[in-house]
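K.L.:
For reference, the structure I am asking about is given below.
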Amino acid sequence: MRWIISLGCMVIALLIAGGSMGYEVGEKQLIGVQDLFFDNFESYDNGTFPSSGGWVVKNWGNGEENQTITDKVSCYGLKSFQLWGNEGWPGAVVYRNISAIRNYDIIGFEVNVMVWEYPSTTSAESAVVAFYNFSSPNVESSPVIVFRSADHCIYTGKIYSWWNWSAMENLGKWHPKVWYKFTLIYDRPKECFDVYINDTLVLNDYPAPAGWQISAIKLASGQAGVKCYFDNIRVFAVIQGGTVYEYIPIIIAVATISTIILLRIRKEK
Ligand SMILES: [Ca+2]
């Protein structure tokens with residue numbers, strides 16, 4: 001009986017130790033993600049432009065009627081947002097103000113993108129997703145995800161260097177009618193960003209100048225002149241904290257010891 005009391009005291013001691021010390025897993029850890037904007041395009045009528053959701057046009061591309069909510073293609077739910085650029089110039093460009101984004105150091109976007117077909121031209125870009133400057137839309141900011149037409153590859157980098165493909169990072173081939181999920185997380189103080197494709201990290205700490213101008217998200221179907229589709233777009237901030245503790249090892253230890261005690265008590269009965 002005495003050993004059970006001893007073990008019980010040990011469990012209590014472990015719990016107290018866990019509560020006061022924990023296991024430090026880093027000097028400064030990420031403690032959460034706060035959504036700043038989300039749109040799955042389900043709330044709009046088919047065939048309309050989603051201006052009621054705050055989307056604004058910069059270029060109508062291949063006609064006003066072709067920049068539209070559609071129920072013919074979707075990644076989640078029944079609808080997505082179709083953009084269709086002109087072959088040549090300009091493409092179809094829209095953006096959405098998210099002014100709260102200025103309040104956070106680490107920001108990101110997540111979006112599903114699909115390009116309908118390979119362009120018949122090698123003109124520059126088809127689908128584009130980028131952080132943007134809402135109040136000065138002609139002043140563009142980094143970073144960007146862009147589908148290049150010439151080699152059918154996805155690129156990332158700074159938006160100013162669109163035409164300097166060799167200065168950008170090639171993230172691999174894209175294929176028509178395939179949805180790709182992109183997650184880009186931009187650490188402005190560190191001046192670098194990470195890119196995930198379909199939840200797999202494909203680029204880590206890519207250098208990028210601090211995007212102080214960023215206040216919006218931009219979508220486009222560029223001058224490749226093909227239909228591009230966007231769904232489930234999310235813009236978020238990563239919230240940082242001080243030291244974060246990891247309690248899992250302590251919980252496992254306490255659970256194991258408690259189980260031993262319970263088994264021993266049952267055996268004695
Ligand atoms: Ca949808």
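The values are calculated or read from the model by the stated rules, or taken from the named source; none is laboratory data. Since this is a predicted model, take the numbers as computed values, not measurements. Cβ coordinates were reconstructed from backbone atoms using ideal geometry, including for glycine residues, and neighbour counts include every protein chain displayed.
K.L.:
Can you confirm whether Ala150 is farther than 27 Å from Val56 by Cα and at pLDDT below 95? Step through it out loud before you land on a result.
P.N.:
Values: farther than 27 Å from Val56 by Cα: yes; at pLDDT below 95: yes.
Against the criterion (farther than 27 Å from Val56 by Cα and at pLDDT below 95), Ala150 qualifies.
K.L.:
Pick out the one residue from Gly26, Gly18, Gly61 that is at pLDDT below 55, away from the ligand (no atom under 16 Å from the Cβ) and in contact with a Ser or Thr (Cβ under 8 Å, 6 or more places away or on another chain). Before the answer, list the steps.
P.N.:
On the way: Gly18 fails: in contact with a Ser or Thr (Cβ under 8 Å, 6 or more places away or on another chain); Gly61 fails: at pLDDT below 55.
After ruling out the rest, the residue left standing is Gly26.
Every residue, every condition in (1) in contact with an Asp or Glu (Cβ under 9 Å, 6 or more places away or on another chain); (2) at pLDDT below 85, yes or no:
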{"site": "Ser120", "(1), (2)": "yes, no"}
{"site": "Phe134", "(1), (2)": "no, no"}
{"site": "Val146", "(1), (2)": "yes, no"}
{"site": "Ile154", "(1), (2)": "no, no"}
{"site": "Ile159", "(1), (2)": "yes, yes"}
{"site": "Trp162", "(1), (2)": "yes, yes"}
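K.L.:
Which ones in segment 188-207 are at pLDDT 95 or above and of a type in the set (Asp, Glu)?
P.N.:
The answer is Asp194, Asp199, Asp205.
K.L.:
For the subset of segment 66-75 comprising residues that are outside any helix (DSSP H, G or I) and not acidic (Asp, Glu), which member is farthest from the chain's Cα centre (by Cα)? Give the derivation first.
P.N.:
Step one: of segment 66-75, the residues outside any helix (DSSP H, G or I) are 67-75.
Add one more test, that the residue is not acidic (Asp, Glu), and what stays is 67-70, 72-75.
Numbers: Gln67: 23, Thr68: 23, Ile69: 22, Thr70: 23, Lys72: 25, Val73: 21, Ser74: 18, Cys75: 16 Å.
Only one residue tops the list, namely Lys72.
K.L.:
Moving on to the next point. Quick check on Gly85: is it surrounded by fewer than 20 Cβ atoms within 10 Å (Cβ to Cβ) and closer than 22 Å to Lys181 by Cα?
P.N.:
Numbers: surrounded by fewer than 20 Cβ atoms within 10 Å (Cβ to Cβ): no; closer than 22 Å to Lys181 by Cα: yes.
Answer is no for this residue.
K.L.:
Against the condition at negative phi, out of contact with any Pro (no Cβ under 7 Å at 6 or more places or on another chain) and surrounded by fewer than 22 Cβ atoms within 10 Å (Cβ to Cβ), how does Ser74 come out, does it pass? Can you show your working first?
P.N.:
On the way: at negative phi: yes; out of contact with any Pro (no Cβ under 7 Å at 6 or more places or on another chain): yes; surrounded by fewer than 22 Cβ atoms within 10 Å (Cβ to Cβ): yes.
Criteria met by Ser74.
K.L.:
Looking at (1) crowded, with 17+ Cβ neighbours inside 10 Å; (2) within 15 Å of the ligand (Cβ to nearest atom); (3) without any contact (Cβ under 8 Å) to a residue 40 or more places away in the chain, can you tell me which one Ser80 breaks?
P.N.:
(3)
K.L.:
Return yes when Glu87 is within 10 Å of the ligand (Cβ to nearest atom) and either more than 19 Å from Val146 (Cβ to Cβ) or in contact (Cβ under 8 Å) with a residue 24 or more places away in the chain (or both) and no when it is not.
P.N.:
Values: within 10 Å of the ligand (Cβ to nearest atom): no; either more than 19 Å from Val146 (Cβ to Cβ) or in contact (Cβ under 8 Å) with a residue 24 or more places away in the chain (or both): yes.
In short, no.
K.L.:
In the set Leu78, Leu83, which member is at pLDDT 95 or above and not in a loop (DSSP other than H, G, I, E, B)? Spell out how you get there, then give the answer.
P.N.:
Numbers: Leu78 fails: not in a loop (DSSP other than H, G, I, E, B).
Of the residues listed, the single one that is at pLDDT 95 or above and not in a loop (DSSP other than H, G, I, E, B) is Leu83.
K.L.:
Of the residues Ser51, Ser99, Ser43, only one is away from the ligand (no atom under 16 Å from the Cβ) and either charged (D, E, K, R) or at pLDDT 95 or above (or both); which?
P.N.:
Working: Ser99 fails: either charged (D, E, K, R) or at pLDDT 95 or above (or both); Ser43 fails: away from the ligand (no atom under 16 Å from the Cβ).
When all the criteria are applied, what remains is Ser51.
K.L.:
Checking the conditions here, which among Asp71, Asp35 is charged (D, E, K, R), over 23 Å from Ser142 (Cα atoms) and modelled with pLDDT of 95 or more?
P.N.:
Exactly one of Asp71, Asp35 is charged (D, E, K, R), over 23 Å from Ser142 (Cα atoms) and modelled with pLDDT of 95 or more, namely Asp71.
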